[in-house]
Each structure stands twice: as structure tokens, then as C-alpha cells.
1. Return yes or no: is GLU59 at pLDDT 95 or above, touching a Phe, Trp or Tyr at 6+ places or on another chain (Cβ under 7 Å) and surrounded by fewer than 19 Cβ atoms within 10 Å (Cβ to Cβ)?
2. Can ILE138 be described as aliphatic (A, V, I, L, M), out of contact with any Asp or Glu (no Cβ under 7 Å at 6 or more places or on another chain) and surrounded by fewer than 19 Cβ atoms within 10 Å (Cβ to Cβ)?
3. Return the only residue of TYR72, TYR100 being at pLDDT 85 or above and either under 24 Å from ILE158 (Cβ atoms) or touching an Asp or Glu at 6+ places or on another chain (Cβ under 6 Å) (or both).
4. Could you list all residues from segment 73-124 that are farther than 12 Å from ILE41 by Cβ and in contact with a Gly (Cβ under 6 Å, 6 or more places away or on another chain)?
5. Among the residues of segment 17-34, which ones are under 10 Å from LYS47 (Cβ atoms) and either modelled with pLDDT of 85 or more or under 18 Å from the mean Cα position of the chain (by Cα) (or both)?
6. For segment 142-159, which positions are surrounded by fewer than 14 Cβ atoms within 10 Å (Cβ to Cβ) and free of Cβ contacts under 8 Å to residues at least 40 places away in the same chain?
7. State all residues of segment 99-143 that are polar (S, T, N, Q) and more than 12 Å from SER35 (Cβ to Cβ); if no residue qualifies, say none.
8. Output the residues belonging to segment 83-117 that are in a strand (DSSP E or B) and surrounded by fewer than 20 Cβ atoms within 10 Å (Cβ to Cβ).
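The values are calculated or read from the model by the stated rules, or taken from the named source; none is laboratory data. Keep in mind that this is a model prediction, so the values were computed, not measured. Heads up, the Cβs are rebuilt from the backbone with ideal geometry, glycines too, and the neighbour counts pull from every protein chain shown.
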Amino acid sequence: MPLGEAHINLQPGEVYFSPSQGNDTTKELKTILGSCVAVTIWHSKSKVAGMCHYLLAHEAKNSRATHVIQKYRYGEEALDYLLMKMALLHPLDEYELALYGGSNMYPSLTTPSIGEVNVKFAHDWANKNKLVFNKQDILGNNGRSVTLDLNTGSVRLIKYEQT
């Protein structure tokens, strides 16, 4: 992702982690979610920020996707990357985490839905690593846009009604 832009649109399967603002003039991260999940991180003292946007909790066992294509599309890769970066800088319990997304965008007969599986994976990951989501806006039937302010750690959330 290019540095120096006012905002970065985080696409599905991407992760952003900024250990400090330094010369980077990026002010915010934005992403749009349906059944996908975004996890945001914030460290208020050092202003470390990050976000991941994953599509599925796990890679399918028979997947033929190349490593480049699959990188960070899956919760296990994206969340472990964020965890590794966080642990290098500060104790994990100093970070504020938030969880967004996991909607059931289309009527589905399958249970659990993809969104439910994605959210459960994030909760299981947090529990395993003794982390807590300070904020959550999850599940339901609405798409969402999430904007993380890299200077304050605040999140602007917009929900979209289905038509």
C-alpha cells in the first residue's frame, strides 16, 4: 500500500500495521465489510494502529490458491500476523481491539453462515491469546464500512441497509 495518501482503502485479504506515523501522512484506514471480518488494533500511548480484513476463517483443505493469493485472506494468517507485530512492540494487554462485520448478506440455508464462522474464529483467537474486543459491531444482515483514524484510534462505522 502506498504511503503518504490521506487514506488507505483496505481490500479483502489485506493487513495494515503502523508502528508509528513517522513520515507517513496516512490519516485513516477504510474498509467495507459483508460476511468478512475486520479487526482493528490501537495502542493509545504510542499511537500504533492496525487493521486486517479477512474473508474466511480458514483455508479450505483442497485449496489450489497460490500463497500470494491466499495471504491474509484467512483469519488464521491475518490475525496471527497482527499478533506477531503487536507483541514486538508492547505487551498485548495494552492494545485496544475491535471486531466488525460477519453479516449474513444473502439468505442462506446453511448454518452457521460464513459471517458467523468468521466472528467465532475471531472470538476464539482472542480468547486463546487472552485478548478482549473492547468494541464490536457484528453479525446481522447489514454491510458496513469501517474507518480507523490513525491519529486517535477512533472508528467511524456506517451500516448499509439491504435493498
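1. Details: at pLDDT 95 or above: no; touching a Phe, Trp or Tyr at 6+ places or on another chain (Cβ under 7 Å): yes; surrounded by fewer than 19 Cβ atoms within 10 Å (Cβ to Cβ): yes.
So GLU59 does not fit the description; no.
2. Numbers: aliphatic (A, V, I, L, M): yes; out of contact with any Asp or Glu (no Cβ under 7 Å at 6 or more places or on another chain): yes; surrounded by fewer than 19 Cβ atoms within 10 Å (Cβ to Cβ): no.
Answer is no for this residue.
3. Working: TYR72 fails: at pLDDT 85 or above.
Exactly one residue qualifies, and that residue is TYR100.
4. If the condition is that a residue be farther than 12 Å from ILE41 by Cβ and in contact with a Gly (Cβ under 6 Å, 6 or more places away or on another chain), then ARG73, GLY102, SER103, ASN104, MET105, GLY115, ASN118, VAL119, PHE121 are the ones that fit.
5. Looking only at segment 17-34, we keep the residues that are under 10 Å from LYS47 (Cβ atoms), and these are 18-21.
Residues satisfying the conditions are SER18, PRO19.
6. Answer for segment 142-159, where residues must be surrounded by fewer than 14 Cβ atoms within 10 Å (Cβ to Cβ) and free of Cβ contacts under 8 Å to residues at least 40 places away in the same chain: THR152, SER154, ARG156, ILE158, LYS159.
7. Step one: of segment 99-143, the residues polar (S, T, N, Q) are 103-104, 108, 110-111, 113, 118, 127, 129, 134, 136, 141-142.
Hits for segment 99-143 are THR111, ASN127, ASN129, ASN134, GLN136.
8. First, the residues of segment 83-117 that are in a strand (DSSP E or B): 96-101.
Result: GLU96, single match.
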